[in-house]
Amino acid sequence: TPGLYIVATPIGNLGDITLRAVDVLRRCDGIACEDTRVTGKLLKHLGISRPMWRYDDHSEHRDRSRLVDSMRQRAVALVSDAGTPMISDPGYRLVNDCRAEGIPVTVVPGACAAIAGLALSGLPNDRFLFGGFLPSKDKARREALEELAGVDATLIFYDTAPRLGKSLAAIAETLPDREVAVARELTKLHEELRRGLPAGLIAYFEANPPKGEIVLLVGPPPESVAREEDADAMLIDALRTMKVSQAAAQ
Ligand code: SAM
């Protein structure tokens, strides 16, 4: 059926492509992608051959409206180099324009590094805030963290190996008591999860300079952890009471 299909692709391990994603990529009329070489490799691995067009949100408005217009007759898949389109990746303007033009939009969900990192970290996940990439300038980075200091949630950032040291230093300065997790090379051969206080992680990564792709997570302020433990205790108490009352009823 014509329209736009937002298709998530793997973040490392190619086995993470979904059956539905393969089906949509095989049957669509064409694929809008960030980099035709990267997507070309994935298609080759899947044994799929489809026309590809480069797309990013900075593409000329004219090109975008032509692409949107074509979706009245054609099924177009949108993919990014890895993971879920739009999550620190292009696609937002395209989806927005499709909505405005009444073009059907379908999502084919799958891998997303932020969610994979959160799951692996073991940090509280009842509330989280995705902060994208921290600013690259020292002052802006510090200010961004200060602004988030009061948020009662786990903070998730995308990062790069060369920048990790600076990010950790800024966290050590602004949020020194928070538990931090570094999720590296998720789903790949050298997947690694390191957790600790910022100072300890700085020392570790100075001794072992990181390589590859990184999700950086900062646990919530300590009180909310305490509240979560309270909630667990309440649940356990409630279950005990249920057992006792069941036993009494028998
Ligand atoms: N849209 C993608 C998603 O859904 O995860 C993210 C794209 S963003 C341009 C790239 C960043 O995602 C990397 O710098 C890194 O922070 C994170 N990332 C992507 N793949 C990863 C992996 N396998 N392990 C850890 N982080 C990853």
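Taken together, the values in this text are just the output of simple stated rules run on the coordinates, not laboratory data. All values reported here derive from a predicted model rather than from experimental measurement. No Cβ is skipped: glycine too gets one built from the backbone with ideal geometry, and neighbour counts run over all protein chains shown.
Quick notes
- Ellipsoid semi-axes for the chain, based on the Cα gyration tensor and the rule √(5λ), read 38, 26, 18 Å when sorted largest first.
- The range 113-231: C-alpha gyration tensor shape, a/c 1.5 cut-off, then a/b vs b/c: oblate
- Gyration tensor (alpha-carbon) shape descriptor, the range 97-182, a/c threshold 1.5: prolate
- A helix-only calculation puts the chain at -14000 deg cm²/dmol for mean residue ellipticity at 222 nm, using -39500 (n - 2.57) for each DSSP H run of at least four residues, averaged over all residues.
- Protection proxy ranking for 84-92, 132-140, using the average of other Cβ atoms within 10 Å per residue and placing the highest first: 84-92, 132-140.
- Taking amide H positions as modeled 1.01 Å from N, with prolines and chain starts lacking one, the residues under 5 Å from W53 and 5 or more places away or on another chain are I31, A32, C33.
- Degrees, to the nearest 10: 138-148 long Cα axis against longest axis of the chain: 70
- In angstrom, the C-alpha Rg and Dmax of the range 166-206 are 10.8, 33.
- Under 11 Å, Cβ to Cβ, from L94 - net charge with Lys/Arg +1 and Asp/Glu -1: -2
- Gap separating the Cα centres of the range 81-150 and the range 151-206, nearest whole Å: 17
- Isotropically averaged projected area of the range 1-74, using the convex hull of Cα atoms (one quarter of hull area), nm²: 5.0
- Cα long-axis angle, helix 222-249 against the chain (0 to 90 degrees, to the nearest 10): 80
- Here the chain carries DSSP beta bridges of which approximately 50% are antiparallel, counting only pairs with both residues inside.
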